[in-house]
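What follows is a single structure, written as structure tokens, with notes after it.
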Amino acid sequence: MNIPFGTGKLTFLEPGDLKSSNENCMCILFESEECVILITGDRDRAGEGVLIQKYDLPDVDVLIAGHHGSKYSTSLELLLSVRPEIVIISAGANNQYGHPHDVTLNKYKKQGIKQIYRTDQNGTVTIASNGKGYSVSCGK
């Protein structure tokens, strides 16, 4: 389903047919002239695999990390498929799950992703159009 959104569009990427509720969460792709953002929700590797197989995903400017940076999410296959420039991880400070996991953070680094923003360290992360592209800002 595509919905116009300002100068861009939101595409809701339907879940697969997997047993886990996390794997079947809705994903959202936002595309505009200035920025492409993919939100994978709580999908882990299997759900990301369905996403890659089912949709022709573009390269993205921003990837919202899956499952709060769990070691089971944001697979290498997904990273190679969408090639993000920026990753944003939504995780609470000192959470009981240890998110984001070092395994996942190392995957980002190995793929050359230099801009990694974490809500547990950076506070609120905002992506805004600046007329020539987009900007990312943080604040607690």
Reported set for segment 123-140 where residues are in contact with a Cys (Cβ under 8 Å, 6 or more places away or on another chain), more than 26 Å from residue 80 (Cα to Cα) and open to solvent by 50 Å² or more (accessible area, probe 1.4 Å) is 124
Subset tally (residues that are in contact (Cβ under 8 Å) with a residue 24 or more places away in the chain, acidic (Asp, Glu) and either surrounded by fewer than 22 Cβ atoms within 10 Å (Cβ to Cβ) or in contact with a Pro (Cβ under 7 Å, 6 or more places away or on another chain) (or both)) for segment 42-60: 3
Against the definition (touching a helix residue (DSSP H, G or I) at 6+ places or on another chain (Cβ under 8 Å), on the phi < 0 side of the Ramachandran plot and in contact (Cβ under 8 Å) with a residue 12 or more places away in the chain), how does residue 137 come out, yes or no? no
Could you list all residues from segment 1-11 that are assigned to a strand (DSSP E or B) and exposed (fewer than 12 other Cβ atoms within 10 Å of the Cβ)? 2, 3, 4
Does residue 78 satisfy the condition of being part of a helix (DSSP H, G or I), modelled with pLDDT of 90 or more, within 26 Å of residue 133 (Cβ to Cβ) and open to solvent by less than 30 Å² (accessible area, probe 1.4 Å)? yes
Flag if residue 39 is open to solvent by 60 Å² or more (accessible area, probe 1.4 Å) and touching a strand residue (DSSP E or B) at 6+ places or on another chain (Cβ under 7 Å): yes
Here is a list of conditions, (1) over 13 Å from the mean Cα position of the chain (by Cα); (2) part of a helix (DSSP H, G or I); (3) under 21 Å from residue 112 (Cα atoms), and residue 72 meets all of them except one; can you say which number that is? (2)
What number of residues within segment 81-115 are open to solvent by 10 Å² or more (accessible area, probe 1.4 Å) and hydroxyl-bearing (Ser, Thr, Tyr)? 3
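The values are calculated or read from the model by the stated rules, or taken from the named source; none is laboratory data. Everything numeric in this text was worked out from a predicted model, so none of it was measured. Every residue, glycine among them, receives a Cβ derived from its backbone with ideal geometry; neighbour counts consider all protein chains shown. Surface areas here come from the heavy atoms of the whole protein model, side chains and all, with no ligands, DNA or RNA. Shrake-Rupley method; radii C 1.70, N 1.55, O 1.52, S 1.80 Å.
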